[in-house]
Amino acid sequence: MSIELEDDEVVSPREDLIAAVLWVAFGLAVTIGSWRMDRLEKLNINPYEIPGLVPFLLGCAISVLGVVLFIRAWAQGGWQAPMASATGHDPSLLRHMALVFGWSLFYALVLVGTGLPFMMGTFLFITVFIGMLDRQRQDEMGRSAAVQWVRAAIYGCCWSVLVALSFEYIFLVRLP
């Protein structure tokens, strides 16, 4: 049995099974990473305000949903079902997924992990992310490339300030 999405795209139980394993692994990594974060006991922080609480809960939720997806895919015969044909998938979707994954890794490992100020790294990440991934929609709306990038930079500026201030003043996380 396969699941049909819009535009006649088909997702096989085997693909769901593989995705479930990846989601569980990702959720567990987030859960473990957030559990190991400093809880700031020396500052007498309220347990409901510790820096890793929200990522911990999100990691747990992702893991649980991954397990649910795994059980459903297993019950549908995902361990023996063939993969959906490669022709049934849009290659631009794979390019977008690779871009999102690669750019997110670059953000985490290079922009934030090498001493660049957090707000500047986040600004660059958001600006390029929006500028690259929203290009097709903006072209269809008739906006020039300059307008697209200015719009992306405005979003990047606003969101990087909001994210940095939220981490520092709400979640009490010292940023680089």
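For this structure, a couple of remarks:
- Shown for the chain: the carbon plus sulfur share of the solvent-accessible area, taken with all protein chains present and a 1.4 angstrom probe, equals 71%.
- Between Glu41 and Arg143, full extension at 0.36 nm per residue minus the direct alpha carbon distance yields a gain of 31.6 nm.
- For segment 8-60, the solvent-accessible area with a 1.4 angstrom probe is 66 square angstrom per residue.
- Gaussian network model of the chain, springs between alpha carbon atoms under 10 Å - residue of Gly52, Gly78, Gly115 with greatest fluctuation: Gly115
- Cα-centre dipole for the chain with unit charges at Cβ (Lys and Arg positive, Asp and Glu negative), debye to 20: 640 debye
- Dipole of the chain [Lys/Arg +1, Asp/Glu -1 at C-beta], most positive-end residue of Thr114, Leu65, Leu28: Thr114
- Most mobile of Leu53, Leu165, Leu116 in a GNM of the chain (Cα contacts under 10 Å): Leu116
- Arg143 exposes around 90 Å² of accessible area when a 1.4 Å probe is run over every protein chain in place.
- Farthest toward positive dipole pole in the chain [+1 Lys/Arg, -1 Asp/Glu at C-beta], among Phe56, Ile18, Asn46: Asn46
- Across the chain the C-alpha pair distances fall into 5 Å bins from zero in the proportions 1, 7, 10, 13, 16, 15, 13, 12, 8, 4, 1, 0 percent.
The values are calculated or read from the model by the stated rules, or taken from the named source; none is laboratory data. Note that the structure is predicted; figures quoted are calculated from it, not measured. Cβ coordinates were reconstructed from backbone atoms using ideal geometry, including for glycine residues, and neighbour counts include every protein chain displayed. To get the accessible areas, we keep the full protein, side chains included, count just its heavy atoms, and leave off ligands, DNA and RNA. Shrake-Rupley method; radii C 1.70, N 1.55, O 1.52, S 1.80 Å.
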